[in-house]
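The values are calculated or read from the model by the stated rules, or taken from the named source; none is laboratory data. Everything numeric here is computed off the predicted structure, so don't read it as measured data. Reconstructed Cβ throughout: ideal geometry from the backbone, glycine too, with neighbour counts over all protein chains shown. Keep in mind that these areas ignore ligands, DNA and RNA; they rest on the heavy atoms of the full protein, side chains included. Shrake-Rupley method; radii C 1.70, N 1.55, O 1.52, S 1.80 Å.
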Amino acid sequence: LDKNDFLNLMVTQLKNQDPLNPMNNNEFIAQTTQMSSLEQLINIAKLIEKQSTTSVESQLLSGASFIGKNVSYNGDSFALKDGMANIKFYLDNSAEKVSINIYNSNGAVVATGEFENLDAGLNTIPWNGKGIDGSQLPDGYYTYTLKAKDKSGNEVSAIQVSSGKVMGVTVKDGKLMFNVNGSPVSADTVKEVFEN
């Protein structure tokens, strides 16, 4: 019921009351207070809905400035373009040995690599797009896994970093999402924004 329905019910009740036994003043005041509370709740709900719409619009407007930009974010995919790509990841500690496997869109291992003495923090490994057999692989999107170990053979924690061009933006469940490499990427996982 909205406030008009509530008011119509109250007026109807007043019209049809027994003149010899009129409505109690306290009861009338309570009903009036209920109507006022209902109206305030409806106004609050409208205000929240308006703010939510405004929030979505402002998120979309701020996100639109990222369209066409390249971003790095938490993830395991990257783009091979013109036969070159950079594989990026963060290491919690320095690693004596890092093994990387690269997969095509069918999930098959197409390239591997081992790297030594990498520092803690962001590491960038260039890849020339050559497959296991030495042939040049086609441009496109690939995924990768990595294992890092320190001098004692203990595993070193790593955060994989993906990169790609933002092709669009949307808001889902109140969160700004970028369309990168054909997949949704939450804006709060973006680590870096760059032109190329």
Which residues, counting only those in segment 66-96, are exposed (fewer than 14 other Cβ atoms within 10 Å of the Cβ) and under 16 Å from the mean Cα position of the chain (by Cα)? Ile67
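For every residue, the table says whether it meets (1) open to solvent by less than 80 Å² (accessible area, probe 1.4 Å); (2) at pLDDT below 70.
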site: Asn8; (1), (2): no, no
site: Val11; (1), (2): yes, no
site: Lys15; (1), (2): no, no
site: Asn26; (1), (2): no, yes
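Name the residue, out of Thr53, Thr112, that is of a type in the set (S, T, N, Q) and modelled with pLDDT of 75 or more. Spell out the reasoning first.
Values: Thr53 fails: modelled with pLDDT of 75 or more.
Only one candidate passes the filter, namely Thr112.
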Six or more apart or on different chains, Cβ atoms under 6 Å: show the pairs whose first residue is in segment 136-153 and closer than 15 Å to Asp92 by Cβ and whose second is among the hydroxyl-bearing types (Ser, Thr, Tyr) and not in a loop (DSSP other than H, G, I, E, B). Lys147/Ser99
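Please specify each residue of segment 149-193 satisfying the condition of being closer than 22 Å to Leu118 by Cβ, hydrophobic (A, V, I, L, M, F, W, C) and open to solvent by 30 Å² or more (accessible area, probe 1.4 Å).
Quick first cut of segment 149-193, residues closer than 22 Å to Leu118 by Cβ only: 149-163, 191-192.
Applying the additional criterion that residues be hydrophobic (A, V, I, L, M, F, W, C) yields 156, 158-159, 161.
Scanning segment 149-193 gives Ala158, Ile159.
Could you say which residue among Leu146, Leu118, Leu122 is of a type in the set (A, V, I, L, M, F, W, C) and open to solvent by 60 Å² or more (accessible area, probe 1.4 Å)?
Numbers: Leu146 fails: open to solvent by 60 Å² or more (accessible area, probe 1.4 Å); Leu118 fails: open to solvent by 60 Å² or more (accessible area, probe 1.4 Å).
From the options Leu146, Leu118, Leu122, the qualifying one is Leu122.
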If you scan segment 97-114, which residues turn out to be closer than 29 Å to Gly153 by Cβ and open to solvent by 70 Å² or more (accessible area, probe 1.4 Å)? Lys97, Thr112, Glu114
What are the pairs with Cβ atoms under 6 angstrom where one residue, in segment 112-123, is under 21 Å from Lys191 (Cβ atoms) and the other, located anywhere, is hydrophobic (A, V, I, L, M, F, W, C)? Sequence gap at least six, or different chains. Phe115/Val98; Leu118/Ala95; Leu118/Val98; Ala120/Leu91; Asn123/Phe89
